[in-house]
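Shown next, in C-alpha cells, is the structure this report addresses.
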Amino acid sequence: MSYVMDELSPILPFSGRDNSEISMKSNPVALHLSESFGLGSERISMKPIGNGHINSTMLLTANEKSLVVQKLNTEVFPEPEMLVKNARLIETHLSQKHQLGEYDLDIIRHVPTQSQQFLVDCDNGVWRALEFIGGSYSEDVVKNTSQAEIAANAFGQFAVALGDFNAEQLYHVIPDFHNLAMRAQTLKAVIAKNPVDRLARCQAEVDFCLSQFGLINELKDLQGVVPVRPCHNDTKINNMLFCNKSHTAKAVIDLDTCMPGYWLYDFGDMVRTFCSPEEEDSTNLENVGVREEIFAALVKGYVEPLKDLITEQEKQSFWLGTKVMTFMIGLRFLTDYLDGDNYFAIKHAEHNLERAQNQFALYRDILAKKHTLKAILSDV
Ligand code: ADP
Ligand code: GN1
Ligand code: MG
C-alpha cells in the first residue's frame with residue numbers, strides 16, 4: 001500500500017456550502033491548531049495521513065496552505081520538548097549541509113506558533129506542526145529493486161550528512177531504544193506478570209523468542225568494535241517520502257528517534273521493512289520472506305554514500321543488524337500483545353500478535369537464507 005500526499009489538500013477547493021468546511025469550522029481542535037500555527041481560520045480541513053504506529057498525524061489545511069500536525073504520543077515520548085529540541089538540532093545541521101551543497105533531500109522543519117513556541121496543548125494532548133512535503137508519497141511495501149536502492153541510498157545520504165554531527169547532543173528520548181538485553185528483560189517481566197492473561201495464546205511465539213536470546217551476546221561482542229554514530233533508528237520504508245513525478249527520494253521523515261546508535265540498526269530496519277513482499281502485519285505468512293534481489297539493491301544503495309566512512313567491521317555487522325532488528329521488533333510486538341496493547345496503535349485485538357508472527361516468519365526466512373544474504377553483503 002502507498003500513501004499519496006497531494007500538493008493541495010484533498011478536500012480543496014471548496015465549492016459553496018461545503019460540509020467539511022462547516023464541520024471543520026466548528027471543530028475546535030482544527031481551528032485552534034490552525035490559528036496557533038498561523039494558517040488562519042478560513043477554509044479549514046484536517047484529515048489523518050499515513051500509517052504511523054505512534055503519533056496521530058494529520059494534514060491540516062487552511063486558506064490553501066497545508067501543514068502536518070501531530071498529536072504526540074506522550075506515553076511513548078514523555079518529554080516532547082526534548083523530542084522537538086533533538087529534531088531541531090538535526091534540522092539545523094542538515095540545513096547547513098544543504099547550504100554547503102552536501103545534502104540534497106528536503107528537510108522536514110518544525111513550524112513555530114505565532115508566539116514562537118513549537119508545542120501546543122490541545123485536545124488533552126501536545127501537538128506540533130511540521131512543514132508539509134507536497135507532491136510526495138510513502139510506501140508500506142517496496143515495489144521493486146529500483147525503489148529499494150533509491151530509498152536506501154537516501155537513508156545513506158542522511159547518515160553521511162549526520163556523520164560530523166555530535167550525537168551526544170541528542171537527548172535519549174527513549175532510553176535503551178535498541179537495547180536488546182533490555183527488551184528481553186521487559187518481555188520476561190511481562191511473561192511473569194501475564195497482566196491480560198494472553199500468555200497461553202502465544203506460548204509458541206514466546207518459546208521461540210526466548211530461544212533466540214543468543215543474539216544479545218552477539219550484540220555485546222560488537223561494543224567498542226563498531227563506532228557509535230548518529231542514527232535515525234526508525235528507517236522503515238514509510239519513513240521515506242518519494243516524489244510523485246520523478247519517484248526519486250524526497251525526504252527522510254520521522255526523526256523522533258534519532259539518537260546515538262550503530263549503523264547496523266538502520267541497515268537492519270531497512271531489511272526488515274524493504275525486503276518482505278508483505279506488509280508488517282500481513283497474516284499471509286507463506287508469502288513473508290526476504291526478496292533477495294531487494295536485499296541486494298538495498299545493500300548497494302545504502303553502502304554507496306557511506307563508502308568513505310564505513311569501516312570493515314561495520315559492513316560485517318550488517319548481517320547481525322539484519323537478524324537483530326527483525327527479531328527485536330517481533331519481540332516488541334509480542335511484548336505489547338502480552339502487556340495489553342499499551343504501546344503500538346492497533347486496529348483489532350490480535351493485531352500485535354499477528355505483527356509478531358509476521359516478523360518472526362521474516363526472521364526465520366532470514367536465518368534460512370543466511371548464506372545467500374551474507375554472500376551479497378561480502379560483495380560490497
Ligand atoms: P509516526 O511517528 O506515527 O510514524 P510519521 O512522522 O512517520 O508518524 O508520519 C506518519 C506518516 O505521515 C508518514 O509515513 C507520511 O506518510 C506522512 N507524513 C509525515 N510527515 C510528513 C510531511 N512532513 N509531509 C508529508 N507527509 C508526511
Ligand atoms: C514505530 O513511528 P513508526 O510507526 O514509524 C516504532 C518503531 C518500530 C515501528 C514498527 C518510536 O515506528 O520503533 O520499528 O513502529 N517507533 C517507536 O513498525 O517506537
Ligand atoms: Mg513513521
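Condition first: assigned to a loop (DSSP other than H, G, I, E, B) and either in contact with a Cys (Cβ under 7 Å, 6 or more places away or on another chain) or among the hydroxyl-bearing types (Ser, Thr, Tyr) (or both). Now tell me which residues in segment 171-222 satisfy that. Quick ask: steps written out before the conclusion?
Restricting attention to segment 171-222, the residues satisfying the condition of being assigned to a loop (DSSP other than H, G, I, E, B) are 171-179, 194-198, 211-213, 221-222.
Once the filter is applied, which keeps residues that are assigned to a loop (DSSP other than H, G, I, E, B) and either in contact with a Cys (Cβ under 7 Å, 6 or more places away or on another chain) or among the hydroxyl-bearing types (Ser, Thr, Tyr) (or both), segment 171-222 yields Tyr171, Ser211.
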Subset tally (residues that are touching an Asp or Glu at 6+ places or on another chain (Cβ under 9 Å), free of Cβ contacts under 8 Å to residues at least 60 places away in the same chain and either open to solvent by 20 Å² or more (accessible area, probe 1.4 Å) or under 18 Å from Glu354 (Cα atoms) (or both)) for segment 287-324: 1
Filter result (closer than 24 Å to Val84 by Cβ and within 16 Å of the chain's Cα centre (by Cα)) within segment 131-165: Ser138, Ala154, Phe155, Phe158, Ala159
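Of everything in segment 266-280, what is surrounded by fewer than 20 Cβ atoms within 10 Å (Cβ to Cβ) and within 14 Å of ligand 2 (Cβ to nearest atom)? Give them in sequence order.
Our first condition is that a residue be surrounded by fewer than 20 Cβ atoms within 10 Å (Cβ to Cβ); within segment 266-280, this holds for 277-279.
Those that are surrounded by fewer than 20 Cβ atoms within 10 Å (Cβ to Cβ) and within 14 Å of ligand 2 (Cβ to nearest atom): Glu278, Glu279.
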Filtered residues of segment 43-78 (kept if within 12 Å of ligand 2 (Cβ to nearest atom) and part of a strand (DSSP E or B)): Ser56, Thr57, Gln70
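Have a look at Asp336, Asp379, Asp341 and point out the one that is open to solvent by less than 20 Å² (accessible area, probe 1.4 Å) and among the acidic types (Asp, Glu).
On the way: Asp379 fails: open to solvent by less than 20 Å² (accessible area, probe 1.4 Å); Asp341 fails: open to solvent by less than 20 Å² (accessible area, probe 1.4 Å).
Checking each option against the conditions leaves just Asp336.
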Segment 241-265, residues that are away from ligand 2 (no atom under 13 Å from the Cβ), hydrophobic (A, V, I, L, M, F, W, C) and open to solvent by 20 Å² or more (accessible area, probe 1.4 Å): Cys243, Ala249
Selection within segment 70-86 - loosely packed, with under 15 Cβ neighbours inside 10 Å and touching a helix residue (DSSP H, G or I) at 6+ places or on another chain (Cβ under 7 Å): Thr74
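With Ala161, Ala192, Ala184 as the choices, which residue is modelled with pLDDT of 95 or more, closer than 30 Å to Ile49 by Cα and not assigned by TED's automatic domain parsing to the domain that holds Leu105? Quick ask: steps written out before the conclusion?
Working: Ala192 fails: closer than 30 Å to Ile49 by Cα; Ala184 fails: closer than 30 Å to Ile49 by Cα.
From the options Ala161, Ala192, Ala184, the qualifying one is Ala161.
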Residue satisfying condition, being open to solvent by 10 Å² or more (accessible area, probe 1.4 Å) and under 29 Å from Ala129 (Cα atoms), within set Asn217, Asn284, Asn238: Asn238
Members of segment 156-170 found to be open to solvent by 80 Å² or more (accessible area, probe 1.4 Å) and part of a loop (DSSP other than H, G, I, E, B), listed by number: Asp164, Asn166
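The values are calculated or read from the model by the stated rules, or taken from the named source; none is laboratory data. What you see is a predicted model; the values in this text were computed from it and never measured. When we count neighbours, we look across all protein chains shown, and the Cβ atoms used for this are built from the backbone with ideal geometry, even at glycine. For the accessible areas, the whole protein counts, side chains as well, though only heavy atoms, and no ligand, DNA or RNA atoms are used. Shrake-Rupley method; radii C 1.70, N 1.55, O 1.52, S 1.80 Å.
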